[in-house]
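Asks: The structure that follows is given in the form of structure tokens.
The values are calculated or read from the model by the stated rules, or taken from the named source; none is laboratory data. No experiment lies behind these values; they were computed from the predicted model shown. Cβ placement follows ideal geometry from the backbone for every residue including glycine, while neighbour counts extend to all protein chains displayed. Heavy atoms of the whole protein, side chains included, go into the accessibility calculation; ligands, DNA and RNA do not. Shrake-Rupley method; radii C 1.70, N 1.55, O 1.52, S 1.80 Å.
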Amino acid sequence: MREICVIGGNRYFGKRLITRLIAAGDRVTVVNRGSSAPPAGTVHLIADRDDEKSLEEALGSRVFDVVVDQVCYTPRQAEIARRVFAGRTRRYVMTSTVEVYEYEDTADPVGEDAVDPRTVTVHTELPWNEAEFLEAHYGEGKRQAEAVFAAGPAFPYVAVRVAHVLGGDDDFTGRLEHYADRIRTGEAIAVPAVNHPATYIHVEEIADFLFWAVGEDFTGPVNAASHGALTTRELCEAIGAHLPDGRTVLEAVEVGEVSPFSFRRSYGMDNSRAERLGFPFGDARAWLPGAVAETLGKDD
């Protein structure tokens, strides 16, 4: 029986990861602020991860084989976790994001070496506790959090750089609904004048990936994305097939806000490192229709 600690994990693919761990016979400890209960069969510890003393007191003398950190958004949070879990875990898996590549403007799929966390400067003095600042600097927060874990030998770490996640009837983001609402009414969908594709991953596939990563021994950044980049038009076509009475109207805009899955730069990730390590990704075009049906509901 492995001892696994999951920080966060109360919703979406974190919840699915916990279910997989329990089914495998692992003992799972979930740490969160207590706003919602974790899946049944877990040990539940209530703590504010931003409060180092609170986190230490909640953990007590517990030690773990692996920690999976689903909610590390800032270098301050990473520094606290690095201090608190030093000597408590053999391995640390941080859920990161494709947004760490926000400055890599290339049409080619981006590999992990494009952003080496060991070279990223950390600025803990920035107002990371302010929600507006954090939202505006999401990619930078994740990039600097990775840098904290990469800076020293507290424990072996992995940063899973997750592509845009789709699927599930519990998708809380509302991004597919944004498109569905406009297709239903024929309202224009704003896209950049030059609209680039992006890589995606199904909610079940990223849960599978994280479960797999828990049991491996590689370290450092790793991209997690299904095969095949998708365009906004392909997403809309899949949604339109689910809503046959609707109408898709894409409107190119030079400036201003655009729809959530349209991009002024490419967000394609190279997933070959993970595949070499042994994880077989699916094809985004194969699972996309099912993901749309899951999220929008079969009776739409």
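Residues are listed down the side, and each one gets a yes or a no for (1) open to solvent by 40 Å² or more (accessible area, probe 1.4 Å); (2) modelled with pLDDT of 95 or more; (3) touching a Cys at 6+ places or on another chain (Cβ under 7 Å); (4) on the phi > 0 side of the Ramachandran plot:
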residue	(1), (2), (3), (4)
D113	yes, yes, no, no
P117	no, yes, no, no
L126	yes, yes, no, no
A147	no, yes, no, no
A151	yes, no, no, no
A159	no, yes, no, no
L176	no, yes, no, no
Y179	no, yes, yes, no
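Asks: Could you tell me which residue of region 196-212 is least open to solvent (accessible area, probe 1.4 Å), considering only residues that are over 17 Å from V98 (Cβ atoms) and out of contact with any Leu (no Cβ under 7 Å at 6 or more places or on another chain)?
Replies: W212
Asks: In region 123-216, which strands (runs of 3 or more DSSP E) lie fully inside it and hold 1 or more residues that are closer than 27 Å to R20 by Cβ and either of a type in the set (S, T, Y) or under 19 Å from the mean Cα position of the chain (by Cα) (or both)? Walk me through how you get there before you give the answer.
Replies: On the way: elements: 157-162, 164-166, 189-192, 200-202.
Because the criterion is at least 1 residues that are closer than 27 Å to R20 by Cβ and either of a type in the set (S, T, Y) or under 19 Å from the mean Cα position of the chain (by Cα) (or both), the strands (runs of 3 or more DSSP E) in region 123-216 that meet it are 157-162, 164-166, 200-202.
Asks: Can you name the residue in region 114-150 that is out of contact with any strand residue (DSSP E or B) (no Cβ under 9 Å at 6 or more places or on another chain) and in contact (Cβ under 8 Å) with a residue 60 or more places away in the chain and, of all such residues, is farthest from S266 (Cα to Cα)?
Replies: Among residues in region 114-150 that are out of contact with any strand residue (DSSP E or B) (no Cβ under 9 Å at 6 or more places or on another chain) and in contact (Cβ under 8 Å) with a residue 60 or more places away in the chain, the one farthest from S266 (Cα to Cα) is N129.
Asks: Still on this structure, please answer the following. Working carefully through the options F172, F155, find the one that is buried (at least 16 other Cβ atoms within 10 Å of the Cβ) and modelled with pLDDT under 95. Step through it out loud before you land on a result.
Replies: Numbers: F172 fails: buried (at least 16 other Cβ atoms within 10 Å of the Cβ).
Sole residue among the options that is buried (at least 16 other Cβ atoms within 10 Å of the Cβ) and modelled with pLDDT under 95: F155.
Asks: OK, next. Filter region 20-50 down to the residues that are free of Cβ contacts under 8 Å to residues at least 24 places away in the same chain and of a type in the set (D, E) and list them by number.
Replies: D48 - this is the single residue of region 20-50 that is free of Cβ contacts under 8 Å to residues at least 24 places away in the same chain and of a type in the set (D, E).
Asks: Can I ask one more? Under the condition of being within 20 Å of the chain's Cα centre (by Cα) and assigned to a loop (DSSP other than H, G, I, E, B), which residue from region 100-111 is surrounded by the fewest Cβ atoms within 10 Å (Cβ to Cβ)? Steps first, please.
Replies: Step one: list which residues in region 100-111 are within 20 Å of the chain's Cα centre (by Cα), which gives 100-104, 109-111.
Filter once more, keeping what is assigned to a loop (DSSP other than H, G, I, E, B): 102-104, 109, 111.
Details: E102: 17, Y103: 11, E104: 16, P109: 16, G111: 16.
Filtering first and then ranking leaves Y103.
Asks: When only residues in region 83-99 that are of a type in the set (S, T, N, Q) and in contact with a helix residue (DSSP H, G or I) (Cβ under 9 Å, 6 or more places away or on another chain) count, which is surrounded by the fewest Cβ atoms within 10 Å (Cβ to Cβ)? Please lay out each step first, then the result.
Replies: Residues of region 83-99 of a type in the set (S, T, N, Q): 89, 95-97.
Subset that is in contact with a helix residue (DSSP H, G or I) (Cβ under 9 Å, 6 or more places away or on another chain): 95-97.
Numbers: T95: 26, S96: 27, T97: 22.
Among them, the one singled out is T97.
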